[in-house]
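Only one structure is covered here, and it is reproduced in the block below.
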Amino acid sequence: MSRSAVDRIAVAVIGAGFIADYHINGLRAAGGAEVAALVGRRPEVTLARAQALGIARAETDYRRVLDDDAIDAVVVATPDDTHERIAIDALDAGKHVLLQKPMALDSAQCRTILQADERAGRRLTVSFMHRYFPEVRWLREQLRSGALGAIHSVRIRNATPGADWSDWFFTPGNVSGGVVMQLGVHGIDLVQHLFGAVTDVAADMMTARPERRLADGRMVRTELEDNVLAAYRLESGVRVSHEMSYTERAGCDRFRLELYAERGTVWLRTERGAAAIHAPAVTGEPGWATPALPEEALGEAHHRHWLSMIRGEAPPDDTPTAGLRSVRVAEAIYAAARSGTRTPVAGKEETVGCA
């Protein structure tokens, strides 16, 4: 770092779109960082966004913040087709990088970014925000303790109405896939973060809404998939069903997860609340119980952990290899849907699961 560990970390956010708010608010809630610059493509829009968010500096060329020794770290929150180039440039410039998911357009680009990360001395983190939700952290502790016994099956659903704030989400070339790459990779990462590596996949997909109206009134047409059913087999032998939708009007807040195990059932983000457990032998309660979860701002825990890694207070996490692994699972989903057959996930040698 260009400054002592006790000083505030200066962060530039590259990308002035919808997700930038999450990172900016998360960094401010975490404390110990200054959002020093916002980088966007259009000068007037970027300046207006920076002023609205209380950021003193607005840029349209990301290289200007990479060349600035006063900037310690960058968040890369740009369209998917720019991730490889910007992440590598930032790592080569010696910046710490928080890279939005999906890590890149394909696994080959992910590997190239990982090579740059090795050269830079492990400065890369991939942004998997759902890992940091309090209910996910609670479930991970339950699984680590073994309290629930053997896991029998898992169901996870990622669903939203679909992005309506920009057309690039629906444009091949800007992205390499639809709901699987834009939303499903969150669920893929959660499955592997909590339960272990996916070894093979069966999948079916469709495009239910080939025409969409964006928030600004424009109509876009797309052939990218918006509804997918995938079935995973994990290294442990556990079976997982994963539903992904970009056409859901209501019913799912980012994701819902159902876990069925030897000693009980756990639901996350369902009509029973953020977390609910029915496991009398574990909780001592005869019916459903609701664990106490900490109250915190969205993104606070995520960005606090990232800043602690930058300071050297926590070791680098597994998200760079997990980012590659999630894209490889996504690629297996596409291959399985095309072939109609169960498809192995490439690169099983990659390490998954957080230390």
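Table for the structure above
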{"quantity": "Segment 171-206 residues near the modelled V220 label - backbone nitrogen below 19 Å, point 7 Å along Cα→Cβ", "calculated": "171-186, 206"}
{"quantity": "The chain, Rg to Rh (Cα coordinates; Rh as Kirkwood inverse mean 1/r)", "calculated": "0.96"}
{"quantity": "Estimated inter-spin distance, T112 and L229, nm [label 7 Å along Cα→Cβ]", "calculated": "3.7 nm"}
{"quantity": "Debye-sum result for segment 1-123 in log10 I(q)/I(0), which assumes one identical scatterer on each alpha carbon, at q = 0.10 Å⁻¹", "calculated": "-0.28"}
{"quantity": "Gaussian network model of the chain, springs between alpha carbon atoms under 10 Å - residue of Q182, Q142, Q100 with greatest fluctuation", "calculated": "Q142"}
{"quantity": "Spin-label pair A346/R254, simplified geometry with 7 Å Cα→Cβ offset, distance in nm", "calculated": "3.1 nm"}
{"quantity": "Residue-span extension gain [R263 to R140] - 0.36 nm each, minus C-alpha spacing", "calculated": "42.7 nm"}
{"quantity": "Protection proxy ranking, peptides 253-260, 336-343, 228-235, average beta carbon neighbours within 10 Å, highest first", "calculated": "228-235, 253-260, 336-343"}
{"quantity": "Accessible area (Å², 1.4 Å probe, nearest 10) - E285", "calculated": "90 Å²"}
{"quantity": "Pairwise FRET efficiency - A52 versus E271, Cβ, R0 = 25 Å, nearest 0.05", "calculated": "0.10"}
{"quantity": "Reciprocal mean inverse distance between Cα atoms of segment 31-98 - Kirkwood radius, Å", "calculated": "12.4 Å"}
{"quantity": "Considering only the chain, percent of DSSP beta bridges that pair antiparallel, nearest 5", "calculated": "60 percent"}
{"quantity": "DSSP beta bridges in segment 109-261 [antiparallel fraction, %, rounded to 5]", "calculated": "75 percent"}
{"quantity": "Accessible solvent surface per residue of the chain, calculated while the other protein chains remain in place, 1.4 angstrom probe, Å²", "calculated": "42 Å²"}
{"quantity": "Unit charges at the beta carbon, dipole of the chain: most positive-side option, A150, I86, H242", "calculated": "A150"}
{"quantity": "Most fluctuating residue given options A276, A215, A20, as computed from a GNM of the chain linking Cα atoms under 10 Å", "calculated": "A215"}
{"quantity": "Size of charge dipole - segment 66-224 - debye, nearest 20, with Cβ of Lys, Arg +1 and Asp, Glu -1, no other charges", "calculated": "660 debye"}
{"quantity": "Over the chain, relative contact order from alpha-carbon pairs under 8 Å, at least 6 apart, %", "calculated": "19 percent"}
{"quantity": "Residue (of P43, P172, I9) at the positive-pole extreme of the chain, dipole from beta-carbon charges", "calculated": "P172"}
{"quantity": "Size of electric dipole in segment 283-352: Cβ of Lys, Arg +1 and of Asp, Glu -1, about Cα centre, debye, nearest 20", "calculated": "480 debye"}
{"quantity": "Against the rule of thumb 2.2 N^0.38 Å, how large the Cα Rg of segment 52-170 comes out", "calculated": "1.34"}
{"quantity": "Estimated [θ] at 222 nm from DSSP helical runs (n ≥ 4, -39500 (n - 2.57)) normalised by residues in the chain, nearest 500", "calculated": "-9500 deg cm²/dmol"}
{"quantity": "Apportionment of accessible area to carbon and sulfur, segment 53-184, percent (1.4 Å)", "calculated": "46 percent"}
{"quantity": "Sequence of E313, E135 when ordered by accessible area, the most exposed leading, probe 1.4 angstrom", "calculated": "E313, E135"}
{"quantity": "Top of V35, V45, V175 by mean-square fluctuation, Gaussian network on the chain, Cα under 10 Å", "calculated": "V45"}
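The values are calculated or read from the model by the stated rules, or taken from the named source; none is laboratory data. Just so you know, these numbers come straight off a predicted model, no measurement behind them. Please note: Cβ atoms are built from the backbone with ideal geometry, for glycine as well, and neighbour counts cover all protein chains shown. Accessible surface areas use protein heavy atoms only, side chains included; no ligands, DNA or RNA. Shrake-Rupley method; radii C 1.70, N 1.55, O 1.52, S 1.80 Å.
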